[in-house]
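Participant: This is the structure I want to talk about, given as structure tokens.
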Amino acid sequence: MQAGKRRWVALALGLAVVAGGGLAVGLSASASAQATYEIEPREPAYLYARTCGYCHGHNIAPIIRGRSLPPAVIQSIVRSGMGAMPAFKPTEITDTELEALSAWISQSEADPEEHGQ
Amino acid sequence: MTGGFSRREVMAIGGAMAGTMAMTPMARARMMPQDMDRDVFAAVVRELRAIVGEDWVFADEASTLSYRKSGIPDLRGEHVPSGAVAPANVEQVQAILAVANRYRLPLWPISTGKNMGYGMATPASSGQMILDLKRMNRILDFDAELGTILVEPGVTYQQIHDYIEDNDLPYWIDVPTVGPIVSMMGNTLERGVGYTPYGDHFFMQCGMEVVLADGTVLKTGMGSVENGNTWQAFKWGYGPYLDGIFTQSNFGIVTKLGMWLMPRPPVYKPFMVRSQNVEDVAAITDTIRPFRMNNLIPNGVLIMGALYQMSMFNRRADLWDGDGVIPLEVIQRHARANDIGMWNTFYALYGTDEMIAAMEPILTNAFAATGADVLTEAEMGGNPYFEHNKTLMRGGMTLEEKGLVRWWGRSGGAVAFAPVAPAKGSETGGQTALATEIMNKWGFDYAPAYAVGGRELHHIIFLMFDKGDDEHSRKAEQCMEEMINRFGERGWAAYRSSVSTMDLVAQQYGDANREVNARIKQALDPNHIIAPGKQGIA
């Protein structure tokens, strides 16, 4: 059995005994804590992939790329949450980020990988 | 196409929204905090801005729009906030509480405000100011040896997922159904459940920091031990265990939360048990229970109803455009066309190839004995319904269940009812029959799922309706009230509820329980400024 497997088995057995406890074994040191409250503006493609793209172009919500939707309308819908869509607050997507995101969506080409409603 | 919208429609909707934004909340008395006149509210807003900055107080129609959105019925405007304030740190939370105490301003804390089916960010009563903690978004500690994490309220499951990937850490997270946009703290404090062996989120919680109404900062468990390093390792601390009273509660504002994470297994194998008949749910439940009790099935098992599943990727009109609820034979026909049964049970095995090879035939034979098909990736790979639960049972990111909110059309609407019961076949059979009877009477489709823990199960019923139709919303509200009452008569109470039914459900837990909660509330928050009405606690 490989070392990695042995370690996992030890953890799994620990779980069975103490129902969620786990055993401390020799992994590397703790990862460092994340740094900041005021994050740098995130790129539109990054935000789209981690929020919009889970529904839009994924059978849940209408495709919005490649349709030249007006940025102001996109911003309004993001803030209010149209229909089944949740609203996203300035604390989730800042005004600066939303401005760039809406422009990016408006100008983006259709993605052939996207599908559905 | 029934699902999309045209570009012309989008522009018209956007224009209408822009018009709404021009209104002022000062003109809407029902949005104001109860017993507070406009001049006082304006003074409160000024003081809050002095604490958090001009940009992080939202007190006009346009900027509070995001905080009002929910999918539940709210015909009488009973869940409309007065505004929102977003602190960046604990010191600002304390300063806001001081202002709230001075002016008797009710504050409704949220982490990301994505409480789907239960009211999103909206408060239990109108006029409360949302205390939006999303800006507090740091992962404060990740112990790679112990597999523990310490997070602030605004940290989403997506953020933790990315952090684990970026740092190549050998752990998984356990997500609720809409993980990417949801806070780990928020879901855990609501005692949500997930799909992996770490699916009971509150069970996996270890240590929290709470700001009380008077500004006191309490660290639970081992957190207050001088020079201590065991805060995220040992849950119980010394003396009374306090963490529980800050979940589903308004006794304090949780600002840090510790959690245990599951070691990433070398091998993961998901299974789907396909049962063709509605009544099969009883036998399936009785088959799952012993394996959950002895941990041979280690994860949170979901028994998914076909209509719940199909509502993710379809709208109602795709299946049925006739009168009344969708007939059973129509649901069965569509289920067959999608290679799913009327119930589809998802469990998984985690470990090494040798461990899984030893367990798999025992479980397969047991489920096959109920008359079901036991299926794996080999048969179901690529099927969207299989892939959905395969993603969830490994803590993956998906928002597919958002789809059920738009079942009736583009207006959206869904409110959840989640009664708990012992994990016995007689219970699932009885609950399914009662829910079907009530929902069909009101014209709603019964779209269920059962989440099976060890000895109990959560019955998750999403009552999907058209929020754009007031009459439909009214029926949804009445149907929900009847379900809560009639399930309650049978001893089946909800483990959690929408902001619109918190008091009704609290009544079912009895006078003594409510009285004790009221006494604790009075002791910790005598001005009742933190989330009045939360879980029926004034």
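The values are calculated or read from the model by the stated rules, or taken from the named source; none is laboratory data. Everything numeric here is computed off the predicted structure, so don't read it as measured data. Note that we place each Cβ from the backbone using ideal geometry, even for glycine, and neighbour counts take in every protein chain shown.
Participant: Filter the range B:390-425 for residues that are without any contact (Cβ under 8 Å) to a residue 60 or more places away in the chain and either farther than 28 Å from B:R490 by Cα or part of a helix (DSSP H, G or I) (or both) and give the result. Full working, then the answer.
Facilitator: Step one: filter the range B:390-425 for residues without any contact (Cβ under 8 Å) to a residue 60 or more places away in the chain, giving B:391, B:411, B:422.
Answer for the range B:390-425, where residues must be without any contact (Cβ under 8 Å) to a residue 60 or more places away in the chain and either farther than 28 Å from B:R490 by Cα or part of a helix (DSSP H, G or I) (or both): B:T391, B:S411.
Participant: Checking B:R455 against (1) crowded, with 21+ Cβ neighbours inside 10 Å; (2) in contact with a Pro (Cβ under 8 Å, 6 or more places away or on another chain), which single condition isn't satisfied?
Facilitator: (1)
This table checks each residue for (1) assigned to a loop (DSSP other than H, G, I, E, B); (2) modelled with pLDDT under 50; (3) over 30 Å from B:G454 (Cβ atoms).
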{"site": "A:V17", "(1), (2), (3)": "no, yes, no"}
{"site": "A:A24", "(1), (2), (3)": "yes, yes, no"}
{"site": "A:A29", "(1), (2), (3)": "yes, yes, yes"}
{"site": "A:R42", "(1), (2), (3)": "yes, no, yes"}
{"site": "A:G66", "(1), (2), (3)": "yes, no, yes"}
{"site": "A:L69", "(1), (2), (3)": "yes, no, yes"}
{"site": "A:R79", "(1), (2), (3)": "no, no, yes"}
{"site": "A:A84", "(1), (2), (3)": "yes, no, yes"}
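Participant: Same structure, new question: So which residues in the range B:262-276 are basic (K, R) and more than 17 Å from B:V301 (Cβ to Cβ), if there are any at all? If you could, list the steps in order and put the result at the bottom.
Facilitator: Initial filter on the range B:262-276 (basic (K, R)): B:264, B:269, B:274.
If the condition is that a residue be basic (K, R) and more than 17 Å from B:V301 (Cβ to Cβ), then B:R264 is the only one that fits.
Participant: Report the residue count in the range B:264-316 for those that are more than 26 Å from B:Y171 (Cα to Cα) and not hydrophobic (A, V, I, L, M, F, W, C).
Facilitator: The number of residues fulfilling the criteria is 18.
Participant: Any residue in the range A:65-81 that's more than 7 Å from chain B (Cβ to nearest Cβ): show its pairings with residues that are of a type in the set (G, A, S) and assigned to a helix (DSSP H, G or I) at Cβ separation under 7 Å, as long as the two are six or more apart or on different chains.
Facilitator: Listed by first residue and then by second, the contacts come to A:S68/A:S106; A:P71/A:S102; A:P71/A:A103; A:P71/A:S106; A:I74/A:S102; A:I74/A:S106; A:Q75/A:S102.
Participant: Got a sec? Which of B:S183, B:S126, B:S111 is of a type in the set (G, A, S) and touching an Asp or Glu at 6+ places or on another chain (Cβ under 8 Å)?
Facilitator: On the way: B:S183 fails: touching an Asp or Glu at 6+ places or on another chain (Cβ under 8 Å); B:S111 fails: touching an Asp or Glu at 6+ places or on another chain (Cβ under 8 Å).
Exactly one residue qualifies, and that residue is B:S126.
Participant: Related question: Among the residues of the range A:50-64, count how many are facing chain B (nearest Cβ under 7 Å), in a helix (DSSP H, G or I) and surrounded by fewer than 22 Cβ atoms within 10 Å (Cβ to Cβ). Write out each step before concluding.
Facilitator: Just the residues of the range A:50-64 that are facing chain B (nearest Cβ under 7 Å), to begin with: A:50-51, A:54-55, A:59-60, A:62.
Narrowing the set further to residues that are in a helix (DSSP H, G or I) leaves A:50, A:54.
Next, from what is left, pick out any that are surrounded by fewer than 22 Cβ atoms within 10 Å (Cβ to Cβ): A:50.
Residues flagged as facing chain B (nearest Cβ under 7 Å), in a helix (DSSP H, G or I) and surrounded by fewer than 22 Cβ atoms within 10 Å (Cβ to Cβ) within the range A:50-64 amount to 1.
Participant: Let me spell it out: the conditions are (1) more than 30 Å from B:D132 (Cβ to Cβ); (2) buried (at least 17 other Cβ atoms within 10 Å of the Cβ); (3) without any contact (Cβ under 8 Å) to a residue 24 or more places away in the chain; (4) hydrophobic (A, V, I, L, M, F, W, C), and B:V273 meets all of them except one. Which number is the exception?
Facilitator: In the conditions (1) more than 30 Å from B:D132 (Cβ to Cβ); (2) buried (at least 17 other Cβ atoms within 10 Å of the Cβ); (3) without any contact (Cβ under 8 Å) to a residue 24 or more places away in the chain; (4) hydrophobic (A, V, I, L, M, F, W, C), B:V273 misses (3) alone.
Participant: Run down B:T177, B:T156 and say which single residue is within 11 Å of chain A (Cβ to nearest Cβ), within 28 Å of B:A418 (Cβ to Cβ), under 16 Å from the mean Cα position of the chain (by Cα) and touching a residue at least 12 places away in the same chain (Cβ under 8 Å). Break it down into steps so the answer makes sense when it comes.
Facilitator: Values: B:T177 fails: within 11 Å of chain A (Cβ to nearest Cβ).
Step by step, each of B:T177, B:T156 is checked, and only B:T156 is within 11 Å of chain A (Cβ to nearest Cβ), within 28 Å of B:A418 (Cβ to Cβ), under 16 Å from the mean Cα position of the chain (by Cα) and touching a residue at least 12 places away in the same chain (Cβ under 8 Å).
Participant: Can you name every residue in the range B:136-172 that is part of a helix (DSSP H, G or I) and among the hydrophobic types (A, V, I, L, M, F, W, C)?
Facilitator: B:I160, B:I164
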